[in-house]
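These notes are about the structure you will find just below.
The values are calculated or read from the model by the stated rules, or taken from the named source; none is laboratory data. On a predicted model such as this, the values are computed, not experimentally measured, just so you know. When we count neighbours, we look across all protein chains shown, and the Cβ atoms used for this are built from the backbone with ideal geometry, even at glycine.
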Amino acid sequence: MKRLGIIALLSAVLMSGVGCGGPMYLTGSMGDWYAKKYNESPWIYGNVLSFAVYGFAYGFGLMGDSMIVNTYYFWAKDAAPLGDNKGSTFDHAPNPGKKMN
């Protein structure tokens, strides 16, 4: 158990310095999918799957965005000298549901 704690602490320290802000393509796409499914069945996606499955998957998506996708877009596409010095954005898919605002 002590070894697992040391490995978890070491992993957290090493991964804390990795990653960049960016367009969040992976989590944005997951959010669009969830909004579409919630519109189709609010009972299933609003209660049953929201915390159990979607929250778990969203956490991994956030890590993937921060460490891989956003890092690539920051260094290769957006930031000078390799990029064009303009930020990338994520365009959300239109949602067929009712709007609250």
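Can you tell me which residues in region 18-50 are small (Gly, Ala, Ser), assigned to a helix (DSSP H, G or I) and out of contact with any His (no Cβ under 7 Å at 6 or more places or on another chain)? Please lay out each step first, then the result.
Of region 18-50, the ones small (Gly, Ala, Ser) are 19, 21-22, 28-29, 31, 35, 41, 46, 50.
Narrowing the set further to residues that are assigned to a helix (DSSP H, G or I) leaves 28-29, 31, 35, 46, 50.
Result: Ser29, Gly31, Ala35, Gly46, Ser50.
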Output the residues belonging to region 32-81 that are among the charged types (D, E, K, R) and surrounded by 12 or more Cβ atoms within 10 Å (Cβ to Cβ). Asp32, Lys36, Lys37, Asp65, Lys77, Asp78
Can you pull out every residue in region 82-101 that is closer than 22 Å to Ala35 by Cβ, exposed (fewer than 15 other Cβ atoms within 10 Å of the Cβ) and either touching an Asp or Glu at 6+ places or on another chain (Cβ under 6 Å) or without any contact (Cβ under 8 Å) to a residue 12 or more places away in the chain (or both)? Asp91, His92, Ala93, Pro94, Lys98, Lys99, Met100, Asn101
Can you list residue pairs whose Cβ atoms sit under 7 Å apart, with the first residue in region 29-44 being without any contact (Cβ under 8 Å) to a residue 60 or more places away in the chain and the second being surrounded by fewer than 12 Cβ atoms within 10 Å (Cβ to Cβ) and in a helix (DSSP H, G or I)? Count only pairs 6 or more apart in sequence or on different chains. none
Restricting attention to region 12-31, and to residues there that are of a type in the set (S, T, N, Q) and modelled with pLDDT of 75 or more, which single residue is surrounded by the most Cβ atoms within 10 Å (Cβ to Cβ)? Thr27
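For Leu62, indicate whether it is assigned to a helix (DSSP H, G or I) and in contact (Cβ under 8 Å) with a residue 40 or more places away in the chain. First the steps, then the outcome.
On the way: assigned to a helix (DSSP H, G or I): yes; in contact (Cβ under 8 Å) with a residue 40 or more places away in the chain: no.
The answer is no for Leu62.
Just to be sure before I move on: is Gly83 modelled with pLDDT under 85, assigned to a loop (DSSP other than H, G, I, E, B) and not β-branched (Val, Ile, Thr) in the structure I sent?
On the way: modelled with pLDDT under 85: yes; assigned to a loop (DSSP other than H, G, I, E, B): yes; not β-branched (Val, Ile, Thr): yes.
So Gly83 fits the description; yes.
Return yes when Val53 is assigned to a helix (DSSP H, G or I), modelled with pLDDT under 85, over 20 Å from the mean Cα position of the chain (by Cα) and hydrophobic (A, V, I, L, M, F, W, C) and no when it is not. Before the answer, list the steps.
Numbers: assigned to a helix (DSSP H, G or I): yes; modelled with pLDDT under 85: yes; over 20 Å from the mean Cα position of the chain (by Cα): no; hydrophobic (A, V, I, L, M, F, W, C): yes.
It is false that Val53 is assigned to a helix (DSSP H, G or I), modelled with pLDDT under 85, over 20 Å from the mean Cα position of the chain (by Cα) and hydrophobic (A, V, I, L, M, F, W, C).
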